[in-house]
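One structure is given below, encoded as structure tokens.
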Amino acid sequence: MRYLLSGSLLLVVAFPLLAAEPPKGFAPLFNGKDLAGWHGWAIHAKGAGPIDFAKLAPEDKAKKLEEWTADAKKHWSVDKDELVNDGSGAYLATDKEYGDIELLVEYKTVAKADSGIYLRNTPQVQIWDANQKFDEKNPTRKPHLGSGGLFNNTLGAPGRDPLVLADKPFGEWNTFRIVQVGERTTVYLNGKLVVDHARMENFWDRKSPLPKVGKILLQTHGGEIRWRNLFVREIPASEANAILRKHDAKGFESVFNGKDFDGWAGPIDQYEVIDNAIVCKPKKGGNIYTKAEYADFTARLEYKLPPGGNNGLALRSPGGNAHVATLAMCELQILDDTDPKYAKLDPRQFNGSAYGMVAAHRGYLRPVGEWNFIEVTAKGSTLQVELNGTRILDADLSKVTEFKDKQPHPGKDRTSGHFGFAGHNEPVAFKGIEIKKIEEKK
């Protein structure tokens, strides 16, 4: 394969790549000679799942890895620059953990084989024998639809089944290109789009998002599979944000011109515009907001936190000097919750939370000083928040009956209002602010 740079995305032009020659920007995962950089992982053995494994003492982890790697070496071999598995044994896992990546893989398998690629320790981008017919006795298995789907997603969820059948005949090499930003996973098989920006579910804990980082695993299950030309590229934050913004962009309108506060109200003198971003002045604050009001909407923007930074998104605010945390639908917390000074906060105060009402999942912020991409959807009484491609909050505020400090939130039931920022004395920056109105379908 050769790769052409278009904007911030690499596009594939399909023809053979010389073995072990990484495209520009990519690193090889397999050296063509041995299993360096890999270890065995019997991930489905009792107590071997990522959650249980993380609880083990360091010496117990080392012992398990040694056992699993010894088993893997019995079933994995190298043949002419190809990584070969006989259909049995422990899976292979990368020594290194990865977050946002572009992954290139070629594979060739045999009839009735069943394999796949784990991302962030999690199953999986599926590999099937697509010649198998649909079995009504096993309706959740759909190999006839082809490979590339996120098979371990919930039945019927986007991405679980591939969009098209793209498998090549047995004896030919298949090529995956996988792009994953947060949970958002896109899969091309042999140049055809089979999964389009779908959320990859956390198989190990359905109530939690996909882990922020994890290992890449090659599954072995029931038949010989050969792998070659395994390359990975770690996607930087700026490109990841561009990927997230580009997807499904229709209908979004900018509400900030990057130059001044035209269209905004409130104490705008407490903020300034720096490098096309709205920045709260140090030791200043207050609520600024769009003059326009919104009912159901999705807002997209980027934000950057200084160490210990604190701000908030005002959702369906009544405007003026209203106490956003209680009188708006909610104040969505924007906070450097990695700072030790916030260690003992109520969970409903951490980054991404509906302040004082519903706690968000933590751990998905980018490092301080990098731009985060957040997408917030308010529809009726429901609120969904996706941070850097991972859903961290999914709540129905009408069902909230317990509040931080038992302080009522009468605004949570508002059906419309202004969008804005609730500054708290620190130079938190916001840019690329776009809103899409969600119109009721008639």
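Worth a mention:
- Considering only residues in the stretch 290-310 that are surrounded by fewer than 17 Cβ atoms within 10 Å (Cβ to Cβ) and hydrophobic (A, V, I, L, M, F, W, C), the one that is farthest from the chain's Cα centre (by Cα) turns out to be Ala292.
- Restricting attention to the stretch 83-128 and to residues that are β-branched (Val, Ile, Thr) and modelled with pLDDT under 95, the residue that is nearest to Glu234 (Cα to Cα) turns out to be Thr109.
- Per the listing Ala111, Ala130, Ala70, the residue uniquely in a loop (DSSP other than H, G, I, E, B) and surrounded by fewer than 15 Cβ atoms within 10 Å (Cβ to Cβ) is Ala111.
- If the condition is being more than 19 Å from Arg120 (Cα to Cα) and modelled with pLDDT of 95 or more, then the stretch 38-59 contributes Ala57, Pro58, Glu59.
- Hits in the stretch 422-442 - residues which are under 25 Å from the mean Cα position of the chain (by Cα) and assigned to a strand (DSSP E or B): Ala429, Phe430, Lys431, Gly432, Ile433, Glu434, Ile435, Lys436, Lys437
- Gly320 in contact with a Lys or Arg (Cβ under 8 Å, 6 or more places away or on another chain), surrounded by fewer than 18 Cβ atoms within 10 Å (Cβ to Cβ) and assigned by TED's automatic domain parsing to the domain that holds Lys404: no
- Filter pass, Val428 being buried (at least 20 other Cβ atoms within 10 Å of the Cβ) and closer than 27 Å to Asp269 by Cα: yes
- Remark: Thr401 falls outside the filter, which requires a residue to be polar (S, T, N, Q) and in contact with a Gly (Cβ under 9 Å, 6 or more places away or on another chain).
- Candidate set from the stretch 383-411 (those that are of a type in the set (Gly, Ala, Ser) and farther than 26 Å from Thr186 by Cβ); member that is farthest from the chain's Cα centre (by Cα): Gly411
- Residue that is assigned by TED's automatic domain parsing to the domain that holds Gly369, among the hydroxyl-bearing types (Ser, Thr, Tyr), assigned to a loop (DSSP other than H, G, I, E, B) and at negative phi, where the choices are Thr338, Thr298: Thr338
- Selection within the stretch 347-375: residues that are in a loop (DSSP other than H, G, I, E, B), within 15 Å of the chain's Cα centre (by Cα) and touching a residue at least 60 places away in the same chain (Cβ under 8 Å). The member of this set that is nearest to Ala328 (Cα to Cα) is His361.
- Residues that are over 17 Å from the mean Cα position of the chain (by Cα) and among the charged types (D, E, K, R), drawn from the stretch 154-183: Asp161, Asp167, Lys168, Glu172
- Among the conditions (1) part of a strand (DSSP E or B); (2) at pLDDT below 95; (3) closer than 30 Å to Glu21 by Cβ; (4) of a type outside the set (A, V, I, L, M), Gly286 misses just one, which is (3).
- Within the stretch 1-26, considering residues that are loosely packed, with under 12 Cβ neighbours inside 10 Å and at pLDDT 50 or above, the one farthest from Ser115 (Cα to Cα): Lys24
- The stretch 253-280, residues that are in a loop (DSSP other than H, G, I, E, B), under 29 Å from the mean Cα position of the chain (by Cα) and surrounded by fewer than 18 Cβ atoms within 10 Å (Cβ to Cβ): Asn257, Gly258, Asp275, Asn276
- Within the option set Trp227, Trp264, being under 24 Å from Ile178 (Cα atoms), out of contact with any His (no Cβ under 8 Å at 6 or more places or on another chain) and modelled with pLDDT of 95 or more holds for one residue only, Trp227.
The values are calculated or read from the model by the stated rules, or taken from the named source; none is laboratory data. Just so we're clear, the structure is a prediction, and the values are computed from it rather than from any experiment. Glycine gets a Cβ as well: all are built from the backbone with ideal geometry, and neighbour counts include every protein chain shown.
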